[in-house]
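Worksheet: one structure, shown below.
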Amino acid sequence: MARRSCFVTEHGIRDDDILPRMDEWDAFPRVAAAAGMAAQAEGVARLQRSHSELQAYAAKLMREARETTRVLMREGLIAAPPGP
């Protein structure tokens, strides 16, 4: 619960805006780390890692995916997402 409220404190929350947007990507490594910790606690994880290791690894993967997407769009290999 403390990790979730940390995101809420940093980003705010309203009745019409309760989920992080895709551009608020820093929330997703936190969720991945929490899921990894839960898997370890339940004994279903293959590897044992600390919360900070899981969060750093998830952030690295997501950062690389975002950069790959940026390059592919810049090179015209994939279309940019539609605007609002």
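Derivation of every value follows stated rules applied to the coordinates shown; laboratory data play no part. Owing to the predicted nature of the structure, the values given are computational and were not obtained by experimental measurement. Neighbour counts run over all protein chains shown; Cβ positions are idealised from the backbone, glycine included.
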Query raised in the report: Scanning the chain for GluC sites (Glu not before Pro) in DSSP loops with at most 10 other Cβ atoms within 10 Å, what's the longest stretch left with none?
Result: 1-41
Report summary line: Per-residue ellipticity at 222 nm attributable to helices in the chain (runs of n ≥ 4 DSSP H, -39500 (n - 2.57) apiece, nearest 500 deg cm²/dmol) works out to -19500 deg cm²/dmol
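Relative contact order (percent) for segment 2-73, with alpha-carbon contacts under 8 angstrom and 6 or more residues of separation? Let's see the in-between values first.
Numbers: 30 pairs, mean separation 20.3, N = 72.
Dividing the mean separation by the residue count of segment 2-73 yields 28 percent.
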Requested in this report: Within the chain, what's the longest run with no trypsin sites (Lys or Arg not before Pro) in a DSSP loop and at most 16 other beta-carbon atoms within 10 Å? Give the range, please.
Outcome: 50-84
Query raised in the report: From the backbone phi of segment 50-64, what are the Karplus-calculated ³J(HN,Hα) couplings (6.51 cos²θ - 1.76 cosθ + 1.60, θ = phi - 60°) in whole Hz, Gly and Pro given as x?
Result: 6, 4, 5, 5, 4, 5, 5, 5, 5, 4, 4, 4, 5, 4, 5
Query raised in the report: Where the only charges are on Cβ atoms (+1 Lys, Arg; -1 Asp, Glu), what is the dipole of segment 2-73 about its Cα centre, to the nearest 20 debye?
Result: 300 debye
